[in-house]
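The values are calculated or read from the model by the stated rules, or taken from the named source; none is laboratory data. On a predicted model such as this, the values are computed, not experimentally measured, just so you know. Note: ideal-geometry Cβ built from the backbone for every residue, glycine included; neighbour counts use all protein chains shown.
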Amino acid sequence: GAGVSQSPSNKVTEKGKDVELRCDPISGHTALYWYRQRLGQGLEFLIYFQGNSAPDKSGLPSDRFSAERTGESVSTLTIQRTQQEDSAVYLCASSSGLAGLNTQYFGPGTRLTVL
Amino acid sequence: AQSVTQLGSHVSVSEGALVLLRCNYSSSVPPYLFWYVQYPNQGLQLLLKYTTGATLVKGINGFEAEFKKSETSFHLTKPSAHMSDAAEYFCAVTSGSGNTGKLIFGQGTTLQVKP
């Protein structure tokens, strides 16, 4: 079956521009996560959605970052007024429930380059 | 707060040799532990996970890991390295109860396999 998909695969933007990154989770997965992987570093948690519950935004690095999810489907991560330090691979993952027991399945990521 | 430390950002072994990738964690609650692998130009893939029960966990591609609570470790091993094992490996932790399941990752270890 289809896995997690993300678009675009690559995005180059100029400093100060806004960008939108899209994630399509596996159908039926109620939980959706965004992570960021900066060069030479591990993955950092950004935000988590679970069904209709309020999202856990504790990992968002600044108020320039926001994310939305429509029901249990597509999610969009928006970065406003991009900065060079935002350059990273942004990964989306989904799972069928609380991921303590349920495996998170990762998408291929969006590579964001801010010039 | 939870954290993960992977000792050695780069590990090099010869084909056929033992692979040992080290991971230590910090957690104030019983942890769930994961190893993910990221092959070049591919997304993250789950190798194995420990939640409860048997402390020696077997995963895909001949990898296994042992949860040692007394040492707060979850080292990844494979008896005989194969060229196809060359990749980046990430250890991650989450807690199983009352949380969102967000994963806290280590910095990653790049495994090089020499012929």
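Some points to look at:
- Sole exception among (1) in contact with a Gly (Cβ under 9 Å, 6 or more places away or on another chain); (2) surrounded by fewer than 17 Cβ atoms within 10 Å (Cβ to Cβ); (3) closer than 25 Å to A:ARG111 by Cβ; (4) among the polar types (S, T, N, Q) for B:GLN6, by number: (2)
- If the condition is being within 14 Å of chain A (Cβ to nearest Cβ) and either without any contact (Cβ under 8 Å) to a residue 60 or more places away in the chain or closer than 24 Å to A:SER94 by Cβ (or both), then the stretch B:8-22 contributes no residue at all.
- A:SER58 vs. criteria under 30 Å from B:LEU7 (Cβ atoms), within 14 Å of the chain's Cα centre (by Cα) and either without any contact (Cβ under 8 Å) to a residue 12 or more places away in the chain or within 9 Å of another protein chain (Cβ to nearest Cβ) (or both): yes
- Checklist (1) part of a loop (DSSP other than H, G, I, E, B); (2) within 21 Å of B:VAL11 (Cβ to Cβ); (3) within 14 Å of another protein chain (Cβ to nearest Cβ) applied to B:GLY101, failing item: (2)
- Within the stretch B:25-47, the residues that satisfy the criterion of being within 19 Å of B:VAL113 (Cβ to Cβ) and part of a strand (DSSP E or B) are B:TRP35, B:TYR36, B:VAL37, B:GLN38, B:GLN45, B:LEU47.
This table checks each residue for (1) within 14 Å of chain A (Cβ to nearest Cβ); (2) at positive phi.
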| site | (1), (2) |
| --- | --- |
| B:LEU33 | yes, no |
| B:TYR39 | yes, no |
| B:GLN42 | yes, no |
| B:TYR50 | yes, no |
| B:GLY53 | yes, yes |
| B:ASN61 | no, yes |
| B:SER70 | no, no |
| B:TYR89 | yes, no |
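- Among residues of the stretch A:6-55, those that are more than 14 Å from every other protein chain (Cβ to nearest Cβ), more than 30 Å from B:THR109 (Cβ to Cβ) and not in a loop (DSSP other than H, G, I, E, B), counted: 4
- Options A:SER66, A:SER58; residue that is assigned to a loop (DSSP other than H, G, I, E, B) and surrounded by fewer than 22 Cβ atoms within 10 Å (Cβ to Cβ): A:SER58
- Within the stretch A:61-115, the set of residues being of a type outside the set (A, V, I, L, M), within 14 Å of chain B (Cβ to nearest Cβ) and without any contact (Cβ under 8 Å) to a residue 12 or more places away in the chain comprises A:GLY100, A:THR103.
- Check on A:GLU44, surrounded by fewer than 19 Cβ atoms within 10 Å (Cβ to Cβ), under 18 Å from A:GLY109 (Cα atoms) and modelled with pLDDT under 95: yes
- Residues in the stretch B:1-57 that are in contact with a Lys or Arg (Cβ under 6 Å, 6 or more places away or on another chain) and within 17 Å of B:VAL93 (Cα to Cα): B:LEU7, B:PHE34.
- Residue count for the stretch B:23-60, restricted to those that are buried (at least 17 other Cβ atoms within 10 Å of the Cβ), under 22 Å from B:SER84 (Cα atoms) and in contact (Cβ under 8 Å) with a residue 40 or more places away in the chain: 8
- Close Cβ contacts (under 8 Å, 6 or more residues apart or on different chains) running from residues in the stretch A:1-27 that are among the β-branched types (Val, Ile, Thr) to residues that are exposed (fewer than 11 other Cβ atoms within 10 Å of the Cβ) comprise A:VAL12/A:LEU115; A:THR13/A:LEU115; A:ILE26/A:GLY1; A:ILE26/A:ALA2.
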